[in-house]
């Protein structure tokens, strides 16, 4: 008899958050159920642990939705994922999720649109010569760590762009967007 996949071990708090999200039409994790009496720091730690395990994910927040964080005027909330549903024993069939009256939220929302500053980064990195961190800092007014964070976080992870870099003599590290058509 083949070994069945192990069910993840969830804390009571994680289980309550995921169960409450699974019962909401939009799959929203926030606000936490009133039965949870955690301070903000404790809640933040639990939510981050669920993000790291892909049981929940960030999505653009609706105007009336509770906000998890903001970045460049973009508001994000948290929703349960297919993995999160499976972790609490709910079959995570996308068709069922999208059509079931109990679980009809969409787990594949479109990625966020780039902000004007991110569009500027994209335009510079699409150039044949690419762009250095110094050039990107000059046009955005950001510090180097913020530019690198935007490249790895927003451009690569959230917008799904393929970004490469290379060390060029007399210029330092130069960043390029490989699929320029996808960035438009």
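Report the full-extension gain for the segment residue 9 to residue 166: residue separation times 0.36 nm, less the Cα-Cα distance, to one decimal in nm.
Taking residue 9 through residue 166 to full extension adds about 52.3 nm, to one decimal.
Sorted by mean Cβ packing within 10 Å, highest first, what order do the peptides 31-38, 151-158, 140-147 take? Provide the component values of the computation, followed by the final result.
Working: 31-38: 11.5, 151-158: 16.9, 140-147: 14.0.
The most tightly packed comes first, giving 151-158, 140-147, 31-38.
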**Percentage relative contact order, the range 116-183, counting C-alpha pairs under 8 Å, at least six apart** = 37
**Asked** Which order do 171, 176, 118 fall in if you start with the one that has the fewest other Cβ atoms within 10 Å?
**Response** 171, 176, 118
**Prompt:** Between residue 26 and residue 127, what is the label-to-label distance in nm when each label sits 7 Å out along the Cα-to-Cβ direction?
**Reply:** 4.0
**Asked** Listed highest first by mean packing, meaning other Cβ atoms within 10 Å per residue, what order do 164-170, 61-67 come in?
**Response** 61-67, 164-170
**Message:** I need the calculated FRET efficiency for the pair residue 42 and residue 137, taking r as the beta carbon distance and R₀ as 25 Å, to the nearest 0.05.
**Reply:** 0.10
**Message:** List residues of the range 29-70, by number, whose backbone nitrogen lies under 13 Å from a label position 7 Å along Cα→C-beta of residue 19.
**Reply:** 33-36
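Read-outs throughout are calculated quantities, based only on the coordinates presented, and are distinct from any laboratory measurement. These numbers come from a predicted model, not from an experiment. Every residue, glycine as well, gets a Cβ built from its backbone with ideal geometry; the counts of neighbours run over all protein chains shown.
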